[in-house]
2 protein chains.
Amino acid sequence: MNNTHPTITKTRVTAMPGDGIGPEVFDATRRIFEAANAPIEWEIAEAGAEAFKKNIPSGAPRETLDSIARNGLALKGPLETPVGYGAKSANVTLRKHFELYANIRPVRELPGIKTPFTGRGIDMVIVRENVEDVYAGIEHMQTPDVAQCLKLMTRPGCERIIRAAFGLALAEDRKKLTCATKANIMKLTEGMMKRVFEQVGPEYPSIAQDHIIIDNCAHQLVIAPEQFDVIVTSNMNGDIISDLAAGLVGGLGIAPSANLGDHAAIFEAVHGSAPQIAGKGLANPTALLSAAIMMLRHIGAFETAATIEQALFITLAEGENLTGDLSPRGHGVGTDKFVGQIIDNLGRSSNLASREYRPLHLTPWPNLTAHTEPKSRELIGVDVFIESDLSAADLGDSLTKIAEGSALRLDSISNRGVQVWPSTGGQTFLVDHFDCRFMLLTPAEGNVPQGIADLVGKIGQNHAWMHVEKLQRFDGKDAFERPQGEG
Amino acid sequence: MNNTHPTITKTRVTAMPGDGIGPEVFDATRRIFEAANAPIEWEIAEAGAEAFKKNIPSGAPRETLDSIARNGLALKGPLETPVGYGAKSANVTLRKHFELYANIRPVRELPGIKTPFTGRGIDMVIVRENVEDVYAGIEHMQTPDVAQCLKLMTRPGCERIIRAAFGLALAEDRKKLTCATKANIMKLTEGMMKRVFEQVGPEYPSIAQDHIIIDNCAHQLVIAPEQFDVIVTSNMNGDIISDLAAGLVGGLGIAPSANLGDHAAIFEAVHGSAPQIAGKGLANPTALLSAAIMMLRHIGAFETAATIEQALFITLAEGENLTGDLSPRGHGVGTDKFVGQIIDNLGRSSNLASREYRPLHLTPWPNLTAHTEPKSRELIGVDVFIESDLSAADLGDSLTKIAEGSALRLDSISNRGVQVWPSTGGQTFLVDHFDCRFMLLTPAEGNVPQGIADLVGKIGQNHAWMHVEKLQRFDGKDAFERPQGEG
C-alpha cells in the first residue's frame, strides 16, 4: 500500500521492536499503519537484550542513539535487561540520554475491556516527571549498615514538567490539573513541586487547579477515579500511581506511554516482554499500537490517528477476533487475526469518540546551565555525618570538645532525623550514622569554607565522617530542614 | 458496668481522643468497650490542635509523652496541625519519639460495605516501615534551585520491620509474605530491604515468600488484590499502597492502624478529624473501634476482641442503624444509635468469622548503637557536589587543574545522576548542581581524610561546594553507585 500515495511526506521514526513479544507487536503495528496509510517510515534499530549480550552496558548501541537523535522520534517495544548483563536498564538510558523529562500515561476506559470500574468513564492522563527524584541513582553506603539515596528535585525540573502538564491539558481540551506531592513531609523537595505549581498555575487560567497529597491521591484513584482529569507528579510517585491507574482500566497489557523532551520523543508499550508467549503469535499489540497512535498525534497526523483509534475501539467493542487476554469468553485468536480485524474496521466509528486533540507545545528551556543567583547568601553551619558506635551522649561530649576554639559550635546531633543530643527523652533506636550539626559562631557572607574545612579536618582525626553538608541561607531563609524534636 | 467485674485486672491505656470528630468516636469506642467488659482503663491525654495552640511545637505535651511511656499503650483519634502552628505533625512526633517502627494496616472486606471489589474476599495486612526512608526529613537546598532529601535505609531497620512482618504472619496464621521494593532502581537503599528479606526469610519456612517491584505491586493491588496476604515495604512506598489498599475495601473512614515498637504501641484511626461534621453526633466510629480491637489482641484479650468485632460485623451485615456514610440507602442514624446497635449485638456472631490470632512477638533489639565492623575498609575517592553555572566542559577543565598535584584526580562529573564529563553525547539538561567524582591515586586503608580535606579546601577557593561524600569500599566492595552513562 506504500506505493499508492507516493506524494505524502513521510516522517521517519526509529523503531526498536525490542525483546520477547516486541517484534510481534511491532509488526502488528506496522501492518495496521500501512493499511491506514499512516505517513511513517520506519528505521529499525536494536536495543535491549541483544545489545546487552554484545557487551553494551547501557543496552542501547551508539547506532540506535544516533538514529533517535537524527529522527527525534522513536517507537519502542519492551526491552529486557538479561540477568547478569548491565547494571542499568536500557529504558532508563534512553530517557536520560535524550532528557525525556515528561512521561505521559493516558488512562481511559476502553470499550469491551471489563474491570471493576467499567461504566464510570475513567479518562485521565498522568504526567510523570521522568528524570529527577530518586531516579538520579546517586546512592552511597554511609556505613556498612546504612544506605543513602539522594532524592533531588530542581526548580527548572519542576517547572518543565508542570508546564508540560498544563500544555497537555490544553492540547487535549481537559479541564483540570491536579498536582500530587508529599509536600507535607518533604517540604523542600516535594514542596518545591507544589510551590512551582502554585507559581506557574495562574498563567493557565482556563485550567482548574488543585493539589493533593500523594497517598490520598492513591486512595482517591481507587475510591473515585472519575474525579481526575490530568495529574502531574514527581518521578517515584508517578511510577507508582501510573501503574495503579493503568490497572483501573485493564492493566499494563493495553497501556501506552510517551516520553517527551526538547530533542526527542519515544513512544512505548508499558508491558514487559512476556517471554512465555513470545514467538507464538499470541501477543496483544494494543499497547504498542496505542503508543503509535499517540505518536501520530505528536506529529500532527490527527486524522490518521483517529481512524486507527476508532478501528481499535470498534474491534474491542464488538469483541470479534480478539487476542486471548482480551477475549471475554476465553476464545482468543492469534495476533494475526486480531490485526486483520482492526484493518477490516479501518474507516468505521465506534460509540466512544476519539478526543479532540491539538498540537502539544512544550516550553523549550535555554541550553545553558540553569542557575538563579539569590540576592543574598550566608553560610551558617555544617552537618557532618559521622559513623560511630558511641552513645549519643558520648559522641556529643567528644564533638563539643573538638569544636572548642574553632569557628563553630556543636548545635545538635540527630539519628535518622530524630534529635538525640541534647536528649529530648525519646526512645530512639540508634544506628551508627549520626547527623552532627555545627553552627558558625559568626555567620559568614557568601560561601566561605575555611572554618568548616578546618573543623572537618579535626573531626577526622577522631571520628569517621563520610558526608558533609553546608548549612546555607538564601535570600535570608534557612536552606535546610530541622530534625524532629528540635525546638 | 465497670463495677460488675471488680476482680478483672485492667490494662491502663493512654487515650488521645484528638481533634474534630475524635472525641465523639473515642466516646463511642469507650461505651462499646464498657458494655463488653473490655479490661481497659483509660487515661485521657491531650495531643494535636489544643497542644499546638498552647505553643507546644511537637503537638504532644510532656504529660502525654510521659503517660504513653508509663502505659506503653495508647489509642489515638485524629490529630490536626492547625494552619500556622508547628512545623511537624504530632502523629510523626509520637512515632519517632517512641520509635514505633512497625505500622500495621489490616485491609479486609467487611460485611455490608459495597465496593467495586466486593465478594473477592480481600484480606491482607500491609506492614509499613514507619521511621526511616525519606521520612527522616533531612533536607538541604543544594543551590537556590536544587533541593535534596536524604532517603536513608538501614540494615537493622530493614531487619526489624521484616521480622515484624513475619511475626505478624505467624500470629495471624497467614501463609505468604510479599516484600515490595524499588530495588531495581535503588540498589543500595531499597535493594537493602530486598536483600535482608532474602537473608532472614529462611528462618520462617512456614511462610511462603516473594518479592515484587512496588509499581507492579500497586498495579496488582487493583488488578488482583486477593493474591496478597501480608506485604512488607518501606515507609514512602507503604504510605502510598496502604492508603490505596484501604480504598479497595471502603476507604480510610473504616481503616484501623497500629504503630508498634519495643517500648510502646499506639493504635489509631487513619481518617482525618472531619471538622465539617464534628460535634454533630454523626461520626462513624468504625475505624477507631477497629483500632481498639487490634489493641485488645495486642494485650492478649482475644475473646473480648472477637466479641466486639463480631458485634460490629453483624451490625454492618444487617445494615440496621448505620451512620450515614455506611448506610446503603442514605438513611443514616447518629453515632449514638449506631453504638447502641453494636452494643445490642454483643454476643451475636456474623457470617464472617474473626481470624484466629496468637500473640505477636516482636524481636527486641539491644539498646546500643547498632554497628557492624566490616572486615576491611578502603577510602578510594570523594564526591564533591558543586554549585556552578559553568558548562560541564569548563567545570571539568577547572577541576582537573585544581586536582593536579593533589592525592586525587577528577574521574567524572554528573548532573542529577547522568554523566556529563567526560561527555557521553547525551542531551542532558544541566542544573547548577554537579556531582564531581575524584578518585584517590592510591586507595587508602581505613578512613583517612587528609588528602580529601586538602582537595576540598582547594576547590573551595574557586568553586562553591555544598556537599561532600566519601567513596568507600567495605569488605572489598564499592559502597556507592555509578552515575548513568559511566562505563
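Here are a few things to note about the model shown:
- Gap separating the Cα centres of segment B:367-428 and segment B:256-281, nearest whole Å: 46 Å
- Positive-end ranking of B:G137, B:G121, B:T93 along the dipole of segment B:86-137, with charges on Cβ about the Cα centre, is headed by B:G121.
- Remark: the protein assembly as shown carries a charge dipole of roughly 860 debye about the Cα centre, counting +1 on each Lys and Arg Cβ and -1 on each Asp and Glu Cβ.
- Among the residues of segment A:416-430, those with an accessible-area drop of 50 Å² or more from chain alone to full protein complex, heavy atoms and 1.4 Å probe, are A:R416, A:Q427, A:F429.
- Principal-axis analysis of the Cα atoms of chain A puts helix A:155-171 at an angle of about 30° to the longest axis.
- Lysine-lysine proximity count for segment B:128-229, Cα under 24 Å, sequence distance 8 or more or distinct chains: 6
- A point 7 Å from Cα along Cα→Cβ stands in for A:E43, and the other copies hold the same point at 7.4 nm, listed in rising order.
- Solvent-accessible area of B:R473 with every protein chain in place, 1.4 Å probe, in Å² to the nearest 10: 60 Å²
- For the chain pair B and A, buried accessible area totals roughly 10200 Å², probe 1.4 Å, rounded to the nearest 100.
- Isotropically averaged projected area of segment A:212-300, using the convex hull of Cα atoms (one quarter of hull area), nm²: 7.6 nm²
- Net charge of Cβ neighbours under 11 Å - reference B:A264; Lys, Arg +1; Asp, Glu -1: 0
- Accessible area per residue was computed with a 1.4 Å probe on protein heavy atoms; A:E303 scores about 150 Å².
- Neighbours of B:R160 by Cβ distance under 11 Å: Lys/Arg scored +1, Asp/Glu scored -1, total -3.
- Dipole of chain A, positive direction: furthest Cα of A:A183, A:L75, A:I380, with charges on the beta-carbon: A:L75
- Solvent-accessible area, 1.4 Å probe, carbon plus sulfur percent, for segment B:377-478: 50 percent
- Dipole of segment B:331-448, positive end: most advanced residue of B:L352, B:M439, B:T363 [Cβ charges, Cα centre]: B:L352
- Helical runs assigned H by DSSP (4 residues or longer) give chain B a calculated mean residue ellipticity at 222 nm of -10000 deg cm²/dmol, each run adding -39500 (n - 2.57) before division by the residue total.
- Remark: label point of A:N351 defined 7 Å out from Cα along the Cα-Cβ vector; separations to the same position in other copies 3.3 nm, ascending.
- Size of electric dipole in chain A: Cβ of Lys, Arg +1 and of Asp, Glu -1, about Cα centre, debye, nearest 20: 760 debye
- Relative contact order of chain B: 15 percent, from C-alpha pairs under 8 Å at least 6 residues apart in sequence.
- Kirkwood Rh and Cα Rg combined as Rg over Rh, evaluated for segment B:255-359: 0.99
- Computed over segment A:377-478, the Cα gyration tensor eigenvalues convert (square root of 5λ each) into semi-axes of 23, 15, 11 Å, ordered from largest to smallest.
- Sorted from shortest to longest, the distances between the B:G425 label points of this copy and the other copies are 6.5 nm, with each point 7 Å from Cα along the line through the beta carbon.
- Computed 3J(HN,Hα) for segment B:462-476, one whole-Hz value per residue from the Karplus formula 6.51 cos²θ - 1.76 cosθ + 1.60 where θ = phi - 60°, is 10, 9, 8, 8, 10, 7, 10, 10, 5, 9, 10, 10, 10, 6, x, glycine and proline marked x.
- Per residue, the convex hull around the alpha carbon atoms of segment B:128-229 comes to 114 Å³.
- Charge dipole of segment A:128-229 (Cα centre as origin; +1 on each Lys and Arg Cβ, -1 on each Asp and Glu Cβ, all else neutral): 220 debye, rounded to the nearest 20.
- Solvent accessible area, Å² - A:R195, 1.4 Å probe, full protein context: 100 Å²
- Solvent-accessible heavy-atom area per residue, rounded to whole Å², over chain B at 1.4 Å: 36 Å²
- Accessible-area loss of 40 Å² or more (1.4 Å probe, protein heavy atoms, chain alone versus all protein chains) is found in segment A:204-226 for A:D215, A:H219, A:V222.
- All Cα-Cα distances of the protein assembly as shown, cut into 10 Å bins from zero to the largest, leave 2, 11, 20, 23, 20, 14, 7, 2, 0, 0 percent in each bin in turn.
- Accessible surface of segment A:128-229, 1.4 Å probe, proportion on carbon and sulfur as whole %: 51 percent
- Percentage, to the nearest whole number, of Cα pairs in chain A over 30 Å apart: 55 percent
- Summed side-chain charge close to B:L282 - residues other than B:L282 whose Cβ falls under 15 Å, Lys, Arg +1, Asp, Glu -1: -2
- At least 20 Å² accessible surface lost relative to isolated chain, residues of segment B:347-388 (1.4 Å probe): B:T369, B:A370, B:H371, B:T372, B:R377, B:F385, B:E387
- Residues of segment B:270-313 with an amide N closer than 16 Å to a point placed 7 Å from the Cα of B:K10 along the Cα-to-Cβ direction: B:296.
The values are calculated or read from the model by the stated rules, or taken from the named source; none is laboratory data. Predicted model only: the values in this text are computed from it and were never measured. Quick reminder, even Gly has a Cβ in these numbers, built from the backbone with ideal geometry, and neighbours come from all protein chains shown. Heavy atoms of the whole protein, side chains included, go into the accessibility calculation; ligands, DNA and RNA do not. Shrake-Rupley method; radii C 1.70, N 1.55, O 1.52, S 1.80 Å.
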